[in-house]
Amino acid sequence: MRIDVLGVGFDNMTVEQAVAEGVRLLNTPGAHYAVTPNPEIVEVCREDAEAREAVNGADLVLADGIGVIYGAKMLGTPLKGRVTGIGFAQELMARMAEDGKRLFLLGAKPGVAERAAENLQRQYPGLIVAGTHDGYFQEDGPVVEAIRASGADVVFVCLGAPKQEKWMRKNGEATGAHLLVGLGGCLDVFSGEVRRAPEVFQKLGLEWLHRLAKNPGRIGRMMKLPLFLVHVAGAKGKKK
Ligand code: UDP
């Protein structure tokens with residue numbers, strides 16, 4: 001059963017459980033997809049029904065962001081812990097490398113996915129990056145075809161939220177891949193373009209603060225976090 005936080009149902013899993021489920025899905029016929037909503041995306045889902053359907057329609061809904069963990073706790077239905085998109089992706093690639101699985105990288109500015117591919121193949125010997133495509137395309141058709149032709153088992157879809165969630169819901173089946181994962185800005189990190197927050201920030205759940213310091217333009221988006229907590233408090237009040 002999923003744990004509801006303001007209309008988004010989260011799978012209650014540790015990182016290990018989530019990766020095991022990801023591996024199971026990528027070996028199961030048919031298309032599946034995973035999403036990693038943070039409070040900002042939960043707020044988007046409150047306003048955008050299509051985004052909400054795309055997120056809740058996923059086969060795996062992982063709690064990315066310390067805010068979701070706080071929210072679930074405040075509502076009296078705590079989650080086991082945070083499963084960041086990037087951490088999930090790294091563990092999944094390690095497992096894919098062992099099994100010689102094929103990965104397609106979709107998203108970010110031109111050139112970024114290619115650089116990410118080079119780094120990832122070095123970091124995970126045995127992992128096959130079957131293809132890449134930037135995230136600034138007009139038509140889905142040729143991109144879907146490129147993924148299908150690559151024979152990818154897994155696609156990392158990094159178009160930002162909620163675009164990537166809607167894209168996976170609409171196109172997942174046609175790509176022929178078994179697992180698509182919505183991963184926001186991960187390709188920028190894998191390519192070396194953007195550095196991940198130092199470990200101490202990660203451990204304290206303060207990655208958002210590091211990202212804000214590096215890119216103050218994100219403040220508008222980040223104001224969704226206090227709003228999220230206000231909405232959680234309101235929902236808690238109603239529950240009583
Ligand atoms: N992006 C893209 N196509 C678009 C819009 C965004 O490929 O039409 C990429 C963008 O270049 C960046 C990622 O999507 O690499 C979104 O990054 P952001 O930091 O906003 O994602 P978050 O992890 O915060 O969801």
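The values are calculated or read from the model by the stated rules, or taken from the named source; none is laboratory data. Here the structure is a predicted model, which means the values were calculated and not measured. Counting neighbours? That spans all protein chains shown, and the Cβs are built from the backbone with ideal geometry, glycine included.
Descriptive notes on the structure:
- Being buried (at least 16 other Cβ atoms within 10 Å of the Cβ) and touching a Gly at 6+ places or on another chain (Cβ under 6 Å) holds for only one residue in Asp64, Asp59, and it is Asp64.
- Sole residue being part of a helix (DSSP H, G or I) and loosely packed, with under 15 Cβ neighbours inside 10 Å, chosen from Ala235, Ala213: Ala213
- Filtering region 67-113 to residues that are crowded, with 16+ Cβ neighbours inside 10 Å, within 16 Å of the ligand (Cβ to nearest atom) and closer than 24 Å to Ala149 by Cβ leaves Ala89, Phe104, Leu105, Leu106, Gly107, Ala108, Val112, Ala113.
- Residue, nearest to the chain's Cα centre (by Cα), within region 56-69, restricted to residues that are modelled with pLDDT of 95 or more and over 18 Å from Gln164 (Cα atoms): Val68
- If the condition is being crowded, with 20+ Cβ neighbours inside 10 Å and either of a type in the set (A, V, I, L, M, F, W, C) or within 11 Å of the ligand (Cβ to nearest atom) (or both), then region 145-162 contributes Ile147, Ala152, Val154, Val155, Phe156, Val157, Cys158, Leu159, Ala161, Pro162.
- Taken over region 32-46, the criterion of being crowded, with 20+ Cβ neighbours inside 10 Å and either basic (Lys, Arg) or more than 16 Å from the ligand (Cβ to nearest atom) (or both) is satisfied by His32 alone.
- Contact annotation: residue pairs with Cβ atoms under 6 Å, 6 or more positions apart or on different chains, pairing a residue in region 17-42 that is in contact (Cβ under 8 Å) with a residue 60 or more places away in the chain with a partner that is small (Gly, Ala, Ser) and assigned to a strand (DSSP E or B), are Val35/Gly182.
- Members of region 173-210 found to be part of a loop (DSSP other than H, G, I, E, B) and within 14 Å of Thr84 (Cβ to Cβ), listed by number: Leu183, Gly184, Gly185, Arg196, Ala197, Leu204, Gly205, Leu206
- All positions within region 213-227 that are over 26 Å from Gly111 (Cβ atoms) and touching a helix residue (DSSP H, G or I) at 6+ places or on another chain (Cβ under 7 Å): Ile219, Met222, Lys224, Leu225, Leu227
- Residues of region 126-144 that are within 25 Å of Val61 (Cα to Cα) and within 15 Å of the ligand (Cβ to nearest atom): Thr132, His133, Asp134, Gly135, Asp140, Val143.
- If you check Met168, Met223 for being at pLDDT below 85, within 18 Å of Asn38 (Cβ to Cβ), within 21 Å of the chain's Cα centre (by Cα) and among the hydrophobic types (A, V, I, L, M, F, W, C), only one passes: Met223.
- In region 163-209, the qualifying residues are those that are farther than 20 Å from Leu120 by Cα and within 13 Å of the ligand (Cβ to nearest atom), and the one that is surrounded by the most Cβ atoms within 10 Å (Cβ to Cβ) is Glu165.
- Residue among Arg169, Arg148 that alone is of a type in the set (D, E, K, R) and free of Cβ contacts under 8 Å to residues at least 60 places away in the same chain: Arg148
- Any pair with Cβ under 8 angstrom, 6 or more apart, that starts in region 123-143 at a residue that is of a type in the set (Ser, Thr, Tyr) and ends at one that is assigned to a strand (DSSP E or B): Thr132/Phe104; Thr132/Leu105; Thr132/Leu106
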